[in-house]
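Here is the structure we will look at.
The values are calculated or read from the model by the stated rules, or taken from the named source; none is laboratory data. Because the structure is predicted, anything quoted here is derived from the model rather than measured. With ideal geometry, Cβ positions are generated from the backbone for all residues, glycine too; neighbour counts draw on all protein chains shown.
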């Protein structure tokens, strides 16, 4: 839990990320503030995944600046968690996976078991606590990844296309967990190309196209009256492949 | 996992056991080892003295090298000139004659060089070279190899210059050389002991035997503790003493294969 | 003197000890190289892969020169003892285990890296977690090393001296009996050796399957 003061807002200034001879992120400036659930929206190949990793600190920008409000690197790292498109779980029980994360976060041993079970209950996986994580279904594994993130009580939760590989039933389950996260005060930053999902979960939209931030607006305004041509085309499903 | 741990502990624990056991290292030849002599002889010595004899069977040249390096306590080989030089150079304390046997020339039953039944090894070698019949040589600095070279010299043949494709230098021990000879239907010089216990003869038979020049003398030497202080002088000397004692000599004489005696004790006493 | 049981037991003791030592050193080494980033890393990987093909007889010669009384470690009196054979086989098997472990860990690292870093596991901690997670694949790696150790003759015959009752193992006995022309005996020993290797491999396969079922 964030100690004194929040690590937000996160500000990006002129961020560029080059790889393979081209700019995947091309001069992006934005501010991610506390409060509204932020959706990073864009077509496949727009640069959403790279942007998520830049923000979370897994990648370093080629040029430009990514700065959190807090200076302490450890606090900044502890204040975030990320859920990936494919859940990466260890070959242990579901409970053990969460315990691993808690041990890394140096939660006192006596507390770990209780907090881990709480997290499993939160996502409805309490009854498979001792099942090997890797034999769970795709949806259950992703829920477990969310539980692991939940147990850490991060200030910011990054989600990179968390339901892209799931069927509608599992997607619904994941979305309800994300909504619960949101309701509990965690800042949600989620990338998706799914318009319906963006509407269901988001409060504000950052629309990315070819590595640039094209439009930034509250969700209703974005879908009701997209200001840019690319956004309009995307919303209508008419955006060509990048 | 537990099994592995047990194995490791067992082998590691064996180390002090091996270290505490009283033993000497004897560098010897493949002929004494492969003829089975040591398997017969050594338990007698061990039972009497409680000293384990560990034989590294290499070949005369290598065994003497081991002695020079100090990796053995005793050498037991069969090349008198080399042994005498070993002592003269200060690496050995004293040379004692132990036993002798003889060499035999083995060759294919078909006998391409027509030497079968002869008692003259020198003439036989000349005929083999003349016929360019296949000949397998040890080529490994062993006592047998040394003896072979001396015989070529006695036959007036400079084998280093005169060898052609018919002369096969195997660079290996007596057994492998006999295997090669058997496989190639070649002639070879072998010590009688190894020949008698050799099981893969193929079409090989004894072609030439009984020549005085085929006499093969074995000697035993304690490695000089003055040169290598760690040498186990007392135990090594005990082995040397026993081998040339009446008891040891009788034991050597009593080793037989198929009723035939392999080695003839001739220690000076 | 030697019985068949003694020979087989010694072979297992020597090779298992060597593989255990090689694994204790080689697994962390391979994992560290897989996960670490340092100058000369690529050259080190190439070297490690090349050392997998170290000729056993060359290793035997080098260890012999080290352990001989005339050599630097002669004082220890290890030449022609089972520990010398363990040393030689450890050196032989170490590159195999390290190189194959590096490959497995590097492949797994691709899958795990982002998530582990996101959770705050770096360097050593991440490598340990990774190696433990792929432990059953590493069984195959260790087995490859064991197969090599049990099968080789060049190293142990030189540093062990093939002494009856002391340093004679299955492979050196086969070599000896063959050179004495006793081919039937050599063949029988050969079959025992092959059966042993097959048994070990079968056991490992079953372990991996059971683990797959339990942990996914």
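Working only within the range B:151-186, note down all residues that are within 14 Å of chain C (Cβ to nearest Cβ), surrounded by 16 or more Cβ atoms within 10 Å (Cβ to Cβ) and in a helix (DSSP H, G or I).
Result: B:174, B:175, B:176, B:177, B:178, B:179, B:180, B:181, B:182.
Every residue in the range A:113-130 that is under 24 Å from the mean Cα position of the chain (by Cα) and part of a helix (DSSP H, G or I), please.
Residues satisfying the conditions are A:115, A:116, A:117, A:118, A:119, A:120, A:121, A:122, A:126.
Can you pull out every residue in the range B:158-186 that is under 17 Å from residue B:121 (Cβ atoms) and in contact with a helix residue (DSSP H, G or I) (Cβ under 6 Å, 6 or more places away or on another chain)?
If the condition is that a residue be under 17 Å from residue B:121 (Cβ atoms) and in contact with a helix residue (DSSP H, G or I) (Cβ under 6 Å, 6 or more places away or on another chain), then B:159 is the only one that fits.
Could you please give the count of residues in the range C:190-216 that are closer than 28 Å to residue B:56 by Cα and at pLDDT 90 or above?
The number of residues fulfilling the criteria is 5.
Which ones in the range A:108-137 are in contact (Cβ under 8 Å) with a residue 40 or more places away in the chain and in contact with a helix residue (DSSP H, G or I) (Cβ under 6 Å, 6 or more places away or on another chain)?
A:122, A:123, A:132, A:133
Yes or no: residue B:139 under 16 Å from the mean Cα position of the chain (by Cα) and away from chain C (no Cβ under 14 Å)?
Criteria met by residue B:139.
Taking interchain pairs and intrachain pairs at least six residues apart, which have beta carbon atoms under 6 angstrom, with the first residue in the range A:145-164 and without any contact (Cβ under 8 Å) to a residue 24 or more places away in the chain and away from chain C (no Cβ under 11 Å) and the second surrounded by fewer than 24 Cβ atoms within 10 Å (Cβ to Cβ) and in a helix (DSSP H, G or I)?
Close Cβ pairs satisfying both conditions: none exist.
On the phi > 0 side of the Ramachandran plot, within 14 Å of another protein chain (Cβ to nearest Cβ) and not in a helix (DSSP H, G or I), is that true of residue B:210?
no
Tell me, please, whether a residue that is within 14 Å of chain C (Cβ to nearest Cβ), part of a loop (DSSP other than H, G, I, E, B) and farther than 20 Å from residue C:181 by Cβ can be found in the range B:73-82.
yes
Of the residues B:3, B:12, which single one is modelled with pLDDT under 85 and loosely packed, with under 14 Cβ neighbours inside 10 Å?
B:3
Of the conditions (1) buried (at least 18 other Cβ atoms within 10 Å of the Cβ); (2) within 23 Å of residue A:31 (Cβ to Cβ), residue A:146 clears all except one; give me its number.
(2)
Would you be able to say whether some residue in the range C:84-98 is within 14 Å of another protein chain (Cβ to nearest Cβ), more than 30 Å from residue C:35 (Cα to Cα) and either surrounded by fewer than 24 Cβ atoms within 10 Å (Cβ to Cβ) or in contact (Cβ under 8 Å) with a residue 60 or more places away in the chain (or both)?
yes
Residues of the range C:107-128 being more than 7 Å from chain A (Cβ to nearest Cβ) and either surrounded by 14 or more Cβ atoms within 10 Å (Cβ to Cβ) or part of a helix (DSSP H, G or I) (or both), which ones?
C:107, C:108, C:109, C:110, C:113, C:116, C:123, C:124, C:125, C:126, C:127, C:128
Taking residue A:174, is it surrounded by 15 or more Cβ atoms within 10 Å (Cβ to Cβ), within 15 Å of the chain's Cα centre (by Cα) and part of a helix (DSSP H, G or I)?
yes
For the range B:52-67, give me the residue count where each residue is buried (at least 20 other Cβ atoms within 10 Å of the Cβ), touching a helix residue (DSSP H, G or I) at 6+ places or on another chain (Cβ under 8 Å) and not in a strand (DSSP E or B).
Of the residues in the range B:52-67, 5 are buried (at least 20 other Cβ atoms within 10 Å of the Cβ), touching a helix residue (DSSP H, G or I) at 6+ places or on another chain (Cβ under 8 Å) and not in a strand (DSSP E or B).
Given (1) at pLDDT below 95; (2) on the phi < 0 side of the Ramachandran plot, where does residue B:26 come up short, assuming only one miss?
Of the numbered conditions (1) at pLDDT below 95; (2) on the phi < 0 side of the Ramachandran plot, the odd one out for residue B:26 is (1).
Considering only helices (runs of 4 or more DSSP H) fully contained in the range C:133-216, which possess at least 2 residues that are away from chain A (no Cβ under 14 Å) and more than 21 Å from residue C:95 (Cβ to Cβ)?
C:170-179, C:183-215
Look at residue B:44 and say whether it is within 14 Å of chain C (Cβ to nearest Cβ), touching a residue at least 12 places away in the same chain (Cβ under 8 Å) and out of contact with any strand residue (DSSP E or B) (no Cβ under 9 Å at 6 or more places or on another chain).
yes
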